[in-house]
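Engineer: What follows is a structure written as structure tokens; I'll ask about it next.
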Amino acid sequence: MALLTKSRYVIGLQCPTYLWMATNDKKSLPEPTESEKHIMDQGTGAGKLATKVFPKGINIPTDIGFMENIHATKEALKKGKPVFEAGIMANKCYSRADILIPVKDKWDVIEVKATTKVKDEHIDDVAFQKFVYEMAGLKIRQCYLMHLNKEYVRKGKIDVEQLFVKENITNDVKKAMGGIEDRVAKMLKIINSDKPKAKIHYYCDKPYKCPLMKDCWDFLPDENVFHLSRGRKNAFDLFSQGVVCLKDIPMHAKLTDKQCVQKDCAVNGCVRVNKIGIKNFLKKLKYPLYHLDFETFSLAVPLMDGTKCWQQIPFQYSLHVEDDAGHLEHHSFVASSEGDPRPEFAEYLKKALKGEGSIVVYNKSFEKMILTQLAEFLPKHKDWIEDAISRLIDLYDVFKKFDYYNPKQCGSASIKKVLPALVGKDYSGLNISKGDQASLSFIKMRQGISKQEEIDMRFDLMDYCGQDTEAMVWIIQELRKLIN
């Protein structure tokens, strides 16, 4: 008889097929990506730091056998001290508590998360814990979520008291426990029966992207209703009515202007080109053009003084400078793998952006945020950074507004979708092809790798970031062709 754990319970709320697989056929599930592993590692690290808030606590080893863990927990609970990683089983349900705090004859449950706020899935997590602990005979007084303090700024050694915020979630947990007995009974039946048939539904990627999603959704044709821009609910409503393809959406269906463009493109096999909108964008450009892109990394616990939890720290930029004759000059910077990369990053960027002309970026809000934070941390650079911000032009606007839309974009305006749709080029062939891969590569460099590995990784980073900025050059060239 398989057990229902708290992680399986949260999975079961999302997808019964995933729950069955996670219990009975875990080897068939895709391995977590490097990015997912990084997130999990950040959570583990935050959990260990949180125990330092309770220095007299008893830690139950997690690397011992299942029954040994349960026995060690029973002995630890008798001592009336905080207990970490307490393993408790009752009625085929099992849960480990991050922290249990004794309060007279009762206990407070503290769940630790490496986020900066309470999320709905955290409530469900703690609700299952409380359900199990109470079945086992523990009296639970209050439930708390201990998460990272988004206002904490590191100054010297980490202050664990200031690093975390403890929020009382007892009332929310009580609400989440409504009907939990039936849900648990249903999940136990699922994991101890034959594998349920997979179905796509609204929560396939909420709160987390299900690892089975690719297989479950691969039956969908090109240009399907799930490509509707900001149309998730609408798509599921249409799908429930048997409408799968964009071209088959009925006339009476309520669609936004952008969704109407998508349907029209699907029906007529065309590409949307709003020449007036594209011309208005191109008129804003002042040469020379500085095509700029940043790469950043972030960690749950601030690594350097003057940084916050999960703050995006810039470590790389690529800059393609284009004059009005079309000549290109490329500038590239990747920070040292030691120390704080921001001072050196700012010095090099200041020289590279010297002069006048539009600074072209893709999704301006990100670059603006990074530059603003850089000015706050390095006030001596404030003047030129404010000037740079005033020169930012967002190429993303053209595609966000659907002044250009190609069905190959699948409803997305990201540069990864726009580039192949408009230019016919993509990021295949690069060793690094995504932003999260770039971030993790730099983190690995900081953690220590061989000299040759670091050299290779630096070239890979320059290739990737360079592709982003050259892509903007190509995209603008194609936009000019379209209006001419």
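Engineer: Any chance you could list P(r) for the stretch 4-191, counting all Cα-Cα pairs in 5 angstrom bins from zero, rounded to whole %?
Structural biologist: With 5 Å bins starting at 0, P(r) equals 1, 7, 15, 19, 20, 18, 11, 5, 2, 0, 0.
Engineer: How about the stretch 279-381: which GluC sites (Glu not before Pro) there lie in a loop by DSSP and see at most 12 other Cβ atoms within 10 Å?
Structural biologist: Details: sites: 295, 322, 329, 338, 344, 347, 356, 367, 376; in loops: 338, 356.
When the GluC sites (Glu not before Pro) of the stretch 279-381 are filtered for loop state and at most 12 Cβ neighbours within 10 Å, 338, 356 remain.
Engineer: Would you list the P(r) distribution for the chain, with all Cα-Cα distances sorted into 10 Å bins from 0 and each bin expressed as a whole %?
Structural biologist: Per 10 Å bin, starting at zero, the Cα-Cα P(r) for the chain comes out as 4, 16, 22, 23, 20, 11, 4, 0, 0 percent.
Engineer: If you take the charge dipole of the stretch 4-191 about its Cα centre, with +1 on Lys and Arg Cβ and -1 on Asp and Glu Cβ, which of 73, 115, 35 is farthest toward its positive end?
Structural biologist: Looking along the dipole axis, the top candidate is 73.
Engineer: Can I ask one more? Can you give the relative contact order of the stretch 196-258 as a percent, counting alpha carbon pairs under 8 Å and 6+ residues apart?
Structural biologist: Details: 37 pairs, mean separation 17.8, N = 63.
28 percent.
Engineer: Counting DSSP beta bridges in the chain, what percent are antiparallel, to the nearest 5? Please report the intermediate quantities before stating the final value.
Structural biologist: Values: 36 of 51 bridges.
Just about 70 percent of them are antiparallel.
Engineer: Report the one residue of 405, 370, 165 whose Cα lies farthest in the direction of the positive end of the charge dipole of the chain (charges on C-beta: Lys and Arg +1, Asp and Glu -1; origin at the Cα centre).
Structural biologist: 165
Engineer: Additional query: Just to check, using Stokes-Einstein with a Kirkwood Rh over alpha carbon pairs, what's the diffusion coefficient of the stretch 169-220 at 20 °C and 1.002 mPa s in µm²/s?
Structural biologist: On the way: Rh = 13.5 Å.
For the chosen part, D equals 158 µm²/s.
Engineer: Just how large is the dipole of the chain about the Cα centre, in debye to the nearest 20, putting +1 at every Lys and Arg Cβ and -1 at every Asp and Glu Cβ? Intermediate results must be reported in sequence, preceding the final value.
Structural biologist: Values: 74 positive and 65 negative charges, 337 e Å.
Here the size comes out at about 1620 debye.
Engineer: Label-point separation (nm) for residue 214 and residue 194, each offset 7 Å from Cα along Cα-to-Cβ?
Structural biologist: 2.8 nm
Engineer: Multiplying the sequence separation of residue 305 and residue 283 by 0.36 nm and subtracting their Cα-Cα distance, what value in nm do you get? Walk me through the intermediate numbers first.
Structural biologist: Numbers: separation 22, 0.36 × 22 = 7.92 nm, distance 4.26 nm.
Going from the current span to full extension adds 3.7 nm.
Engineer: Given 0.36 nm per residue, what is the gain on full extension from residue 451 to residue 480 after removing their alpha carbon distance, in nm?
Structural biologist: Details: separation 29, 0.36 × 29 = 10.44 nm, distance 4.40 nm.
Result for the pair: 6.0 nm of gain on full extension.
Engineer: Report the calculated FRET efficiency for residue 141 and residue 66 (r = Cβ-Cβ distance, R0 = 41 Å), to the nearest 0.05.
Structural biologist: The pair residue 141/residue 66 has a calculated efficiency of 0.90.
Engineer: Follow-up. For 349, 29, 138, what's the fewest-to-most ordering of other Cβ within 10 Å of each Cβ?
Structural biologist: Working: 349 23, 29 13, 138 20.
Result, fewest neighbours first: 29, 138, 349.
Engineer: Taking the Cα atoms of the stretch 219-270 alone, what are Rg (to one decimal) and Dmax (as a whole number) in Å?
Structural biologist: 9.7, 28
Engineer: Return the long-range amide H neighbours of residue 297 (sequence gap of 5 or more, or a different chain), with a cut-off of under 5 Å between placed amide H atoms.
Structural biologist: 313, 315
Engineer: Next up: As I understand it, the dipole of the chain uses +1 on the Cβ of Lys and Arg and -1 on the Cβ of Asp and Glu, about the Cα centre. Which of 296, 190, 442 lies farthest toward its positive end?
Structural biologist: Highest projection toward the positive end goes to 190.
Engineer: Based on Cβ point charges of +1 for Lys and Arg and -1 for Asp and Glu, what charge dipole magnitude is obtained for the stretch 278-483 about its Cα centre, in debye rounded to the nearest 20?
Structural biologist: On the way: 27 positive and 30 negative charges, 148 e Å.
So the dipole magnitude of the stretch 278-483 works out to roughly 700 debye.
Engineer: Based on other C-beta atoms within 10 Å, arrange 296, 44, 62 from fewest to most. If you can, show how the numbers build up before the last one.
Structural biologist: Details: 296 18, 44 13, 62 10.
Sorted ascending by nearby Cβ count, the order is 62, 44, 296.
Engineer: So which of 254/368; 150/350; 52/78; 279/400; 48/157 end up more than 25 Å apart by C-alpha?
Structural biologist: Working: 254/368 35 Å; 150/350 29 Å; 52/78 21 Å; 279/400 15 Å; 48/157 16 Å.
Listed pairs above 25 Å: 254/368; 150/350.
Engineer: Also, I was wondering about something else. For the pair residue 376 and residue 103, what calculated FRET efficiency results from E = 1/(1 + (r/R0)^6), where r is the Cβ-Cβ distance and R0 = 45 Å, to the nearest 0.05?
Structural biologist: Taking R0 as 45 Å, the efficiency between residue 103 and residue 376 is 0.60.
Engineer: Another one. Quick one: dipole size for the stretch 219-270, taken about the Cα centre, charges +1 on Lys/Arg Cβ and -1 on Asp/Glu Cβ, in debye to the nearest 20.
Structural biologist: Numbers: 7 positive and 6 negative charges, 47 e Å.
The calculated dipole for the stretch 219-270 is roughly 220 debye.
Engineer: Would you list 331, 147 from fewest to most Cβ contacts within 10 Å?
Structural biologist: Values: 331 18, 147 23.
Exposure proxy ranking, most exposed first: 331, 147.
Engineer: Right, next: Give the range of the longest stretch in the chain that excludes all chymotrypsin sites (Phe, Trp or Tyr not before Pro) found in loop regions by DSSP and having at most 13 other beta-carbon atoms within 10 Å. Don't skip to the answer; put the middle values down first.
Structural biologist: Details: sites that count: 202, 203, 219.
Looking at the chain, 220-484 is the longest stretch - no exposed chymotrypsin sites (Phe, Trp or Tyr not before Pro) with at most 13 other Cβ atoms within 10 Å.
Engineer: Continuing with the same structure: With a cut-off of 8 Å between alpha carbons and a minimum separation of six or more residues, what is the relative contact order of the chain in percent? List each step's numbers first, then the result.
Structural biologist: Working: 730 pairs, mean separation 64.0, N = 484.
For the chain, the relative contact order is 13 percent.
Engineer: Continuing with the same structure: Hey, with R₀ at 41 Å, roughly what FRET efficiency would residue 431 and residue 347 work out to, going by the Cβ-Cβ distance, to 0.05? Before the final figure, lay out each step's value.
Structural biologist: On the way: r = 28 Å, r/R0 = 0.69.
Efficiency for this residue pair is about 0.90.
Engineer: Taking all pairs of distinct Cα atoms, average 1/r, flip it, and tell me the Kirkwood hydrodynamic radius of the stretch 278-483 in Å to one decimal place.
Structural biologist: Values: mean 1/r = 0.0564 Å⁻¹.
Kirkwood radius, the stretch 278-483: 17.7 Å.
No value in this document is a laboratory result; all are computed from the given coordinates. Remember, it's a predicted structure, so these values are computed and weren't measured experimentally. Note: ideal-geometry Cβ built from the backbone for every residue, glycine included; neighbour counts use all protein chains shown.
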